[in-house]
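Engineer: Here it is, the structure in full.
The values are calculated or read from the model by the stated rules, or taken from the named source; none is laboratory data. Predicted, not measured: the structure shown is a model, and the values here were computed from it. Cβ atoms come from the backbone with ideal geometry, glycine included; neighbour counts cover every protein chain shown.
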Amino acid sequence: MSQEPQTTSPRVPWTGPDVFLLFLTWLFLVQLAAGLAWIYAESAGGAFEPSAPTIVAGATPPPAEQTREHPVTLLMLRGIGSPWILLIPFFSAVIAAPLTEEFLYRLLLQRWLESVNDDFRQVFARWMPPGVFSVTVTALLFAAAHAGTRRADLSPDLLYYMLLGIALANLFFLPLAVGYLRFLRQATWSDLGLADFNLRRDVLLPLLLVSMAAPYALAVQFVLKTLAPADVQTDPIPLLLLGLLLGTLLHRTGRILPCVLLHAFFNAFNFCLVLALLPGQYDM
């Protein structure tokens, strides 16, 4: 007997102010970690590459060159030789970022939006299918968070300690946030997307999805980077597609683990692709 598709979304015990508070806490910890990394890099030899031109006293310094590359890619492109240096960008991109971002965007934000989705549809869009509003808004915010450019002359020391600090801040934040939801908001493991655990299904499904979606996302990214000016950020477009896929996966399964693994597999695929383009730089 087939199960009827859900027309309403389950209510979660956390509210909009809880979402705002936890996002604000995460941003504070990440900025604190980045600031400490900056201070440490300055004391170790400088936060920027020493190739910057000398500025005459009193003159207005020229604007720093900007890049659209992610800090993980920037550190790998430095080609500083030691294969052990790859552990930090790998840990940041494949472990810490998927865990934290899927908790924040898919679990915390999207599930709260799903809990108010029915109210939104009743008032504004009765024609809208369940889940479209929450999945789309979350994916747009997820993509927008990865927009913007950064200075191209950041030193390897700064990049290394910044990635390490932010990854540790992410892992410090997660148990605090889960404890807040579990004990102060009485969230169940089902509310947190951890019910109906099945390792085989939760691993094979995201692996299949990333094998199908990653080549298309990378093709879109390649075309955009080829056509767009060097100072235009193109990452949000393929990440919007990834966010829609992740949001749909959470909406259909109600579980967070497949989303974390899909995100991790996607980042690992990109990590290996960048590494493959750097032959000989990280030989053992």
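Engineer: Under the condition of being outside any helix (DSSP H, G or I) and either among the aliphatic types (A, V, I, L, M) or modelled with pLDDT of 95 or more (or both), which residue from region 221-262 is surrounded by the most Cβ atoms within 10 Å (Cβ to Cβ)?
Structural biologist: Selected residue: Ile256.
Engineer: Anything in region 184-221 that is on the phi > 0 side of the Ramachandran plot and touching a Ser or Thr at 6+ places or on another chain (Cβ under 9 Å)? List them, or say none.
Structural biologist: Within region 184-221, Gly193, Asp196 meet the criteria.
Engineer: Condition (residue is among the polar types (S, T, N, Q) and crowded, with 16+ Cβ neighbours inside 10 Å) applied to region 152-167: is it met by at least one residue?
Structural biologist: For region 152-167, residues among the polar types (S, T, N, Q) and crowded, with 16+ Cβ neighbours inside 10 Å: present.
Engineer: Please enumerate the residues belonging to region 263-274 that are within 16 Å of Leu174 (Cβ to Cβ) and either free of Cβ contacts under 8 Å to residues at least 40 places away in the same chain or surrounded by fewer than 22 Cβ atoms within 10 Å (Cβ to Cβ) (or both).
Structural biologist: Of everything in region 263-274, just one residue is within 16 Å of Leu174 (Cβ to Cβ) and either free of Cβ contacts under 8 Å to residues at least 40 places away in the same chain or surrounded by fewer than 22 Cβ atoms within 10 Å (Cβ to Cβ) (or both), namely Ala264.
Engineer: Output the residue which, of all residues in region 198-219 that are surrounded by fewer than 11 Cβ atoms within 10 Å (Cβ to Cβ) and modelled with pLDDT under 80, is nearest to Arg111 (Cα to Cα).
Structural biologist: Here the answer is Leu199.
Engineer: Listed residues Ala187, Ala195; which is in contact with a Phe, Trp or Tyr (Cβ under 6 Å, 6 or more places away or on another chain), outside any helix (DSSP H, G or I) and in contact (Cβ under 8 Å) with a residue 24 or more places away in the chain?
Structural biologist: Ala195
Engineer: Continuing with this model, one more query. Inspect region 162-171 for any residue being free of Cβ contacts under 8 Å to residues at least 60 places away in the same chain, at negative phi and not basic (Lys, Arg) and give the result as yes or no.
Structural biologist: no
Engineer: Modelled with pLDDT under 80, outside any helix (DSSP H, G or I) and either surrounded by fewer than 16 Cβ atoms within 10 Å (Cβ to Cβ) or at positive phi (or both) - does that describe any residue in region 131-138?
Structural biologist: no
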